[in-house]
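As structure tokens, the structure follows; a few thoughts come after it.
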Amino acid sequence: MKIITLTKLKKTLKPHTATLVGGVFDLFHAGHLRYLRKCSEVGRPLVVIVQADKTVRVRKGFNRPIVSEKRRAEIVAALEFVDFVLILDKPSHYEKYLEIIKPRNYVFSKETMKYRKYRARLINDKFPNIKVVFLEKDVRCSSTSFLAKQILAQRDYSKIKNPIVRRLYFLADHSKASIGKISALITLQGKIIAESDNIESKDIHAEHIVIKKAESKGVDLKKTKLYILIPPCILCSQEILKKHISEVYYLHPYGNDDGIKLLHKHGIKVKKIK
Ligand SMILES: [Zn+2]
């Protein structure tokens, strides 16, 4: 097992051989992966200290970590270039850890350099044998804090100028369907007369549902326009043909163009919304 206690690690490691690095590794992302790989290139065996939940709460906010320490450790331990993982449950006891682990290298990330340099000086004074290494984190992959904000961010609908596009996104964003958050609407003379998302309890797609809704209003479907988030599937395209809708617009390509091909073959206009 790579996840190990301090006592066991002491027995396993040769002094002044290991590379040590600490971190939270909450919502593990590519930035974490690249950073730990770089650490392993500094020297092996690589020992990763994962911060305990109680420490993360204080350091990053009481809504963190999102993933528990055991699971964070499990993910880090699965990396082939990580040799040992420790969960650090006493945040201010890193000196004790350094005394016991006796690493050859201790890696810091270059963010918040002022504090890190101060820590590095303390380590140098007390442990002249330990080499403190500063490594750049790959910020292109962004941090967990940034990713968490992205997830929580609401779409700014006021920035979407086209009212039909705005409505399509709104319906999809608020869809309760667990998979296929797709929306569709039908307009007649520029006015929305039917709208829907993919309703989970129904076996048919949003575009099929709006066609039914518009039909029930008794409008002449030939004069309507159908708007969908993605191109219609083959079944919905058959329905579009059957109901004589002559204009179909979609926002995002999907990769399966069978529906578009069928509609084009029958002279139906299918266009991507710009
Ligand atoms: Zn469909």
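The values are calculated or read from the model by the stated rules, or taken from the named source; none is laboratory data. Quick caveat, the model's predicted, so the values are computed rather than measured. All Cβ positions, even for glycine, are placed from backbone atoms using ideal geometry, and neighbour counts span all protein chains on display. Keep in mind that these areas ignore ligands, DNA and RNA; they rest on the heavy atoms of the full protein, side chains included. Shrake-Rupley method; radii C 1.70, N 1.55, O 1.52, S 1.80 Å.
Here E200, E215, E207, E195 are screened, and the one residue that is touching a Leu at 6+ places or on another chain (Cβ under 8 Å), among the charged types (D, E, K, R) and farther than 18 Å from L251 by Cα is E215. Of the strands (runs of 3 or more DSSP E) lying entirely inside the range 24-126, those containing at least 1 residues that are modelled with pLDDT of 95 or more and over 28 Å from the mean Cα position of the chain (by Cα) are 105-109.
One residue stands out among those in the range 253-274 that are open to solvent by less than 30 Å² (accessible area, probe 1.4 Å) and of a type outside the set (G, A, S): the one that is nearest to C233 (Cα to Cα), which is I260. When residues of the range 201-219 are filtered for being over 13 Å from I186 (Cα atoms) and within 14 Å of the ligand (Cβ to nearest atom), how many remain? Going through the range 201-219 one residue at a time, the tally reaches 4. When I240, I230, I209, I151 are checked against the criterion of being β-branched (V, I, T) and closer than 30 Å to K60 by Cβ, I151 stands alone in meeting it.
Are any residues in the range 224-240 out of contact with any Leu (no Cβ under 6 Å at 6 or more places or on another chain) and more than 13 Å from the ligand (Cβ to nearest atom), and if so, which ones? The answer is K225, and nothing else. If I go through the range 253-272 residue by residue, how many of them are under 14 Å from A184 (Cβ atoms) and at pLDDT 95 or above? The qualifying residues number 2. Taken over the range 220-244, the criterion of being without any contact (Cβ under 8 Å) to a residue 60 or more places away in the chain, part of a loop (DSSP other than H, G, I, E, B) and surrounded by 22 or more Cβ atoms within 10 Å (Cβ to Cβ) is satisfied by P231, P232. I need the full set of residues from the range 245-260 which are within 16 Å of the ligand (Cβ to nearest atom), assigned to a strand (DSSP E or B) and of a type outside the set (F, W, Y), in order please. Residue satisfying the conditions is V248 alone. Residues in the range 183-196 that are at pLDDT below 95 and within 13 Å of the ligand (Cβ to nearest atom): none.
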